[in-house]
Amino acid sequence: MLADDAFLVREGIARLLAEAGIDVVAQFPDGTGLLAAVQTDQPDAVIVDVRMPPTHTTEGLQLAVQLKSEAPALGVLVLSQYVETRHAVDLLAGTHIGVGYLLKERITRPDELVDAVHRVAAGGTVIDPEVVRTVLATPRRADPLAALTGKEREVLELVAEGYSNDRIAERLAVTTRTVETHTSRIFSKLGLETDPATHRRVLAVLAHLRAGATP
């Protein structure tokens with residue numbers, strides 16, 4: 001299901017997904033109809049914009065948080081032009097799985113969106129690197145990252161983007177064992193338990209950041 005107040009954007013996304021074999025069962029210009037339809041028809045995933053009627057501020061993100069609260073197994077992908085930090089953290093932190101936040105202008109190939117929908121529907125996490133950087137840069141009362149080295153911060157950003165240790169090792173041109181050492185130190189310094197599931201590691205990091213974020 002899709003919710004976006006821009007008709008052409010909605011239609012474009014629906015056509016792209018349909019061509020990839022994804023059944024788009026309903027489209028809505030706002031969140032009201034989507035919320036009711038999800039409760040009735042129980043889709044595998046929804047895509048929502050951030051700024052929708054009536055105020056065009058953060059309705060979409062608030063809707064996404066509500067949807068995950070009421071239907072934890074539902075895949076929720078936020079697709080927007082904007083990064084709204086406060087509600088983004090509400091969505092991505094905590095115990096939520098099957099969530100994503102992508103920026104429209106940074107999707108350059110159809111398969112990127114199709115893959116994101118499949119991943120959130122399967123319970124994975126998909127976060128645009130720019131969203132990660134913005135969340136990590138949000139002012140905090142007490143900076144939980146202060147104890148991290150520069151390399152550990154770099155690894156943490158890649159962890160938060162959803163990369164596995166093997167992929168991080170490829171990007172940084174180091175061994176997987178080196179990345180494992182970095183991640184172990186990161187979670188130790190942040191007071192977080194490690195988890196083999198990548199998306200749970202992402203949510204743990206964001207949950208910790210949320211605890212220190214400025215309201």
Next item on the list: Can you pull a Stokes-Einstein diffusion coefficient for the stretch 18-135 at 20 °C (1.002 mPa s), Rh from Kirkwood over Cα pairs, as a whole number of µm²/s?
Entry: 151 µm²/s
Checklist line | Spin-label model distance (nm) - Glu130 vs Ala73, 7 Å beyond Cα toward Cβ | finding: 3.5 nm
Check: Roughly how many Å² is the accessible area per residue of the stretch 1-110, as a whole number, for a 1.4 Å probe?
Finding: 48 Å²
Item checked: Spin-label pair Phe7/Gln81, simplified geometry with 7 Å Cα→Cβ offset, distance in nm -> 1.8 nm
Margin query: If packing is taken as the average count of other Cβ atoms within 10 Å, what order do 6-13, 59-66, 121-128 fall into, highest mean first?
Written below: 59-66, 121-128, 6-13
Next item on the list: Could you compute the FRET efficiency for Asp115 and Asp166, with r as their C-beta to C-beta distance and R0 at 25 Å, rounded to 0.05?
Entry: 0.90
Check: What span do the alpha-carbon atoms of the stretch 4-71 cover on each of the three principal axes, reported in whole Å from largest to smallest?
Finding: 31, 25, 14
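The values are calculated or read from the model by the stated rules, or taken from the named source; none is laboratory data. These numbers were taken from a predicted model, which means no experiment stands behind them. Note that each Cβ is placed from the backbone with ideal geometry, even for glycine, and that neighbours are counted across all protein chains shown. Please note that ligands, DNA and RNA were not included when accessible areas were found on the heavy atoms of the full protein model with its side chains. Shrake-Rupley method; radii C 1.70, N 1.55, O 1.52, S 1.80 Å.
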